[in-house]
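A.B. asks: Let me give you the structure first, and then I'll get to my questions.
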Amino acid sequence: MVNVKMTLVWLIVLNMGTQIAYAALPIELFASNGALPTLAPMLDQSRPAVVNIATRSHVQTRDNPLLSDPFFRRFFNIPQHQKPRQRTRQSLGSGVIFDASKGLVLTNNHVIQRADEITVSLTDGRSFEAVVVGSDPATDVALIKIIADDLTAIPLADSDKLRVGDFVVAIGNPFGLGQTVTSGIVSALGRSGLGIEGYENFIQTDASINPGNSGGALVNLRGELVGINTAIFSSGQRGGNIGIGFAIPSNMVKQISDQLIEYGEVRRAYLGVQMQDINDELAQAFNISSGHGAVVTRVQRDSAAAEAGVKIGDVIKAIDNRKLINADNLRNTIGLLMVGQTIKIEVLRNGKNKTLSATVKEIQKQVQLKPIHPKLVGASFGDIEESSPYHGELLGVMVYSVIQNSPSWSAGLRPNDIITSVNKTAINNLDDFKILARNSGRLLFNLTRNRRAMFLMLR
C-alpha cells in the first residue's frame, strides 16, 4: 500500500513539472509534428538588424596642480609650454537598424554621447564608421547613420498594445561578448519616476539585460521591435542583471526618431503648467473618487495652458481621451507631442468636468548668449524646462550646455545642473540669476546634480 501511495505522489509531481515546463513558453511554439519549440526562425530574421556599436573619445587629462607652479616646473626641468595630455576612452553598446535603405540605426544617447569615433559592426562581419543624425538626452534616444548596402531593418510594433505577461526577447552586445539573445516577459508597463531620464515611460522586463545591451532590441515573438533596451536595476559593483530591466517603448522611439530625421533635434512641446500627484488626501479634498490624475499648482503666463483656460486647482484627468495616472504621466504625454498640435484636456474644476482645447507650443529656451561673468564663459543657462525631472520641484536656473575646457567647465559646472542660489541668495528664475551673477566678484552656487545638493565656488 505504501508503494502504491509513493507511486501516486511521484506521478503527481511529474505531472506538475510537465505543466510548469510547458507554461514557460507560448503554446504556439510547440509544433504539431512533435518538433522541439524554438525561437530560431524569428531570430534568423531579427538578429541581422541588431548591431554592435563601439565608440572612442579623446579626453583631456588634468595635470597635478603642482605642475602649474613655476618653481616646481623649474626645479624638475619641466617645459613651460607642454601640450595637454589626452587619454582615449572606449565604450561598447548596441543598436537597431531602423531604416535599411538610408542606413539609419537607433541606439541610446548615452552610448554615443561625446564620442569622437563611432563604429557599427554587423552580424555578417562588416564594420562601418557612423555619423550622428541627432540625439535626445531627455529620452536617451539617438539616431546614427552608416553608408552600407544589403542591410536588414527591423519592423516596429505598436508598443501601446503590449500587455503584462507578453513574451519578449532582448538582443544586444552585453559585456562586449558579441551578439547575445535572452528571453523573458513584460513585467510591467509605464514605469516612471525612476530618475533615469527626463521623460520616462519604460517597459519593464525580466529578460536578462546587462551593460553593453544598451541600445539593443526588445522584440516580440513576431520579431517586431517593441522597445530599445536602456537601463537595469542591479546590485553590487559589477552592475549585473537581477531580473529588472527597462526599455524605451517603440512608439516613443518612433516619435523621437521622426523629429531627429526632420530637424536633427527634438522640438519639444510645452503646455506651461506645474503639476502635483493626486494622493488620497487631495482626492478627498477635490472630491475625486480615485487618486488618478494630477492637480495644477501653477500656470505660466502666455503659455498654451493659460490660453486654453487652465486654472490653478484644476485636476487634469485625461489628454485626448487618454487617462492620466500622475504628474509624470502628464509630462511624458505633453513632451512627446508635436509642436503646434491641438489637444483636448479633460479637467475637473469645482466638482464639474470640463473639456478644454490647447495648442501646445515649443519650449523657449532662454539661453544666455553673452557671458554675464568671466567664470561663466562657455555655459548657457535658462529656466528649468519641462524635460528636467526637477521641473515643478525646484526653483532656479538650469545649465543647458557647457563647452568642454571652457572657464565654466574648469570651474566645475556641468549640463543639467540646477542652480538654486547665488552667494547664499535664493533665485527663482533666469532674471534673478543674471542680476546676482553680474554684480559679484566671486560666485558661490548652491546646485543640485543627480539628486544631490552641493556647493560650488567659482573664484
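A.B. asks: Based on the Cβ-Cβ distance of A148 and L221, what FRET efficiency does E = 1/(1 + (r/R0)^6) give at R0 = 22 Å, to the nearest 0.05? It would help to have the intermediate numbers written out before the result.
C.D. replies: Numbers: r = 28 Å, r/R0 = 1.28.
The pair A148/L221 has a calculated efficiency of 0.20.
A.B. asks: Now a separate question. Cα-based count: Lys pairs in the range 269-362 below 19 Å, eight or more positions apart or different chains?
C.D. replies: Lysine pairs satisfying the spacing and distance rule in the range 269-362 number 13.
A.B. asks: In addition: Subtract the Cα-Cα distance of H58 and N450 from 0.36 nm times their separation in residues, and report this length gain in nm to one decimal. Mind dumping the intermediate values first?
C.D. replies: On the way: separation 392, 0.36 × 392 = 141.12 nm, distance 2.43 nm.
This chain segment gains 138.7 nm when fully extended.
A.B. asks: Where does each of L337, L444 land when they are ranked from fewest to most other beta-carbon atoms within 10 angstrom? Can you show the working numbers first?
C.D. replies: Details: L337 18, L444 15.
Ascending Cβ contact count within 10 Å gives the list L444, L337.
A.B. asks: Arrange the following residues from fewest to most other Cβ atoms within 10 Å of their Cβ: K344, K145.
C.D. replies: K344, K145
A.B. asks: How big is the C-alpha Rg of the range 95-176 next to the rule-of-thumb value 2.2 N^0.38 Å, as a ratio? Display every interim value, and only then the final one.
C.D. replies: Numbers: Rg = 13.9 Å, N = 82, 2.2 N^0.38 = 11.7 Å.
Normalised Rg, Cα atoms only: 1.19.
A.B. asks: Taking H placed 1.01 Å from N in the peptide plane, check which residues at least 5 places from T152 or on another chain put their amide H under 5 Å from its amide H.
C.D. replies: Under 5 Å from the amide H of T152: no residue qualifies.
A.B. asks: Taking the Cα centre as origin and putting +1 on Lys and Arg beta-carbons and -1 on Asp and Glu beta-carbons, what dipole magnitude results for the range 374-458, to the nearest 20 debye? Don't jump to the answer; show the numbers that get you there.
C.D. replies: On the way: 9 positive and 7 negative charges, 95 e Å.
With Lys and Arg at +1 and Asp and Glu at -1, about 460 debye.
A.B. asks: Report Rg(Cα)/(2.2 N^0.38 Å) for the range 269-362, keeping two decimals. Numbers along the way, then the final one.
C.D. replies: Working: Rg = 12.1 Å, N = 94, 2.2 N^0.38 = 12.4 Å.
Computed over Cα atoms of the range 269-362, the ratio equals 0.98.
A.B. asks: Further question: Please express the shape of the range 374-458 as an equivalent ellipsoid: the semi-axes are the square roots of 5 times the eigenvalues of the C-alpha gyration tensor, given largest first in whole angstrom. Write out the running numbers ahead of the final one.
C.D. replies: Working: eigenvalues 62, 44, 27 Å².
For the range 374-458, the semi-axes come out at 18, 15, 12 Å.
Read the figures in this text as sums done on the coordinates, not as results from a lab. Keep in mind the model is a prediction, meaning the values are calculated, not measured. All Cβ positions, even for glycine, are placed from backbone atoms using ideal geometry, and neighbour counts span all protein chains on display.
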